[in-house]
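The values are calculated or read from the model by the stated rules, or taken from the named source; none is laboratory data. None of the values given here were measured: they were computed from a predicted structure. When we count neighbours, we look across all protein chains shown, and the Cβ atoms used for this are built from the backbone with ideal geometry, even at glycine. For the accessible areas, the whole protein counts, side chains as well, though only heavy atoms, and no ligand, DNA or RNA atoms are used. Shrake-Rupley method; radii C 1.70, N 1.55, O 1.52, S 1.80 Å.
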Amino acid sequence: MNGWLILDKPLGLSSTQALGKARRLLGAKKAGHGGTLDPLASGVLPLAFGEATKLISFVMDGRKEYRFTVRWGEARTTDDAEGDVTAVSEVRPTETAIRAALPGFIGDISQTPPIFSAIKVAGERAYDLARAGEKVELASRIVQVFDFQLISIDDNDHASFAVTCGKGTYVRSLARDLALKLGTAGYVSALRRDRSGPFTLDRAISLENLAELSHKGEALTALLDIGAALDDIPARVIDDREARLLRHGQGIMPQPGEILPNPNGTQPVLATHHGNPVALIAPKDGIWHPVRGFNL
């Protein structure tokens, strides 16, 4: 079994638990998920099966889109509704103040991840250390935020936002830091992911619908092909001989008149044979070299 299942993850399940349920419904063996969603978050969770697991990093490196709600007036240990209250504030920011603050969170920004996160500290997950009562200090890092918009002022205590961001950006940290900039406290009270890399909610399926398909013996119809994760990268059609070379880990020559791109920072190209992905290839020393092959 090879391909992608784009799951609309429900509230209350971790990404690993959601993967486990989908895996059982599909009868799959080799599987992985493309980017963690917390139990209190819902939305797009790409699940890779078989050879598609080799492309998880490409999905995780893609842009993410979220919609989320901030609850003003309280700070929490987890920066979401699951944690304990650590501070309170009577300040409620105005719409004008919120809109004025948002541009400061767009671009390359410095962000400190929540202590309740999956980041490893001395080999241990930060959330395991935090839950054990140990002091956790995480270094700030530069993340990319491409767009950050106020959607609505829901009531005096809540406002909803939409954000488009890059790999490693924590929405919980954005909410916490925005609240601090506005002179108050805040945490994420609701979070939904609308996009992860090339995958969007309109291609997602719920666990309930997947279970219905499974009962009919049709669960595999929900899978997208491996190449669905690579819709945004260029493809190169290869012949029988080139396919054999790439499958044996050897490079292939450029076609007559083909100009190889600069190898520095070049995005891999998908080599296909009769419509099937054979390998991701990249230029080096004047020829195409396989970066990652597929056993299909």
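Relative to the dominant Cα principal axis of the chain, helix 171-181 is inclined by about 40°. The sum of -39500 (n - 2.57) across all DSSP H runs of n ≥ 4, divided by the residue count of the chain, sets its helix-only mean residue ellipticity at 222 nm to -5500 deg cm²/dmol. The relative contact order of the chain, computed from alpha carbon pairs under 8 Å that lie at least 6 residues apart in sequence, is 22 percent. The simple Förster model, with R0 at 41 Å and r as the Cβ-Cβ distance, assigns residue 157 and residue 287 a FRET efficiency of 0.10.
Normalised by the number of residues in region 97-226, the average gap of Cα pairs under 8 Å and 6 or more apart makes the relative contact order 20 percent.
Legend: calculated FRET efficiency, residue 267 to residue 244, from the Cβ-Cβ distance at R0 = 22 Å, rounded to 0.05, equals 0.35.
Note on the chain: with neighbouring protein chains present and a 1.4 Å probe, carbon and sulfur make up 49 percent of its accessible heavy-atom surface.
Separation of region 165-202 and region 56-77, taken as the distance between their Cα centroids, equals 3 angstrom. Counted over region 177-296 with a bin width of 5 Å, the fraction of Cα pairs per bin, in whole percents, is 2, 9, 15, 14, 12, 10, 9, 9, 8, 7, 4, 2, 0.
The relative contact order of region 37-178, computed from alpha carbon pairs under 8 Å that lie at least 6 residues apart in sequence, is 29 percent. The per residue volume of the convex hull around the alpha-carbon atoms of the chain is 161 Å³. Between residue 82 and residue 206, the contour length at 0.36 nm per residue exceeds the Cα-Cα span by 42.3 nm. Comparing 241, 71, 63 in a Gaussian network model of the chain where C-alpha atoms under 10 Å apart are linked, the largest mean-square fluctuation is found at 241.
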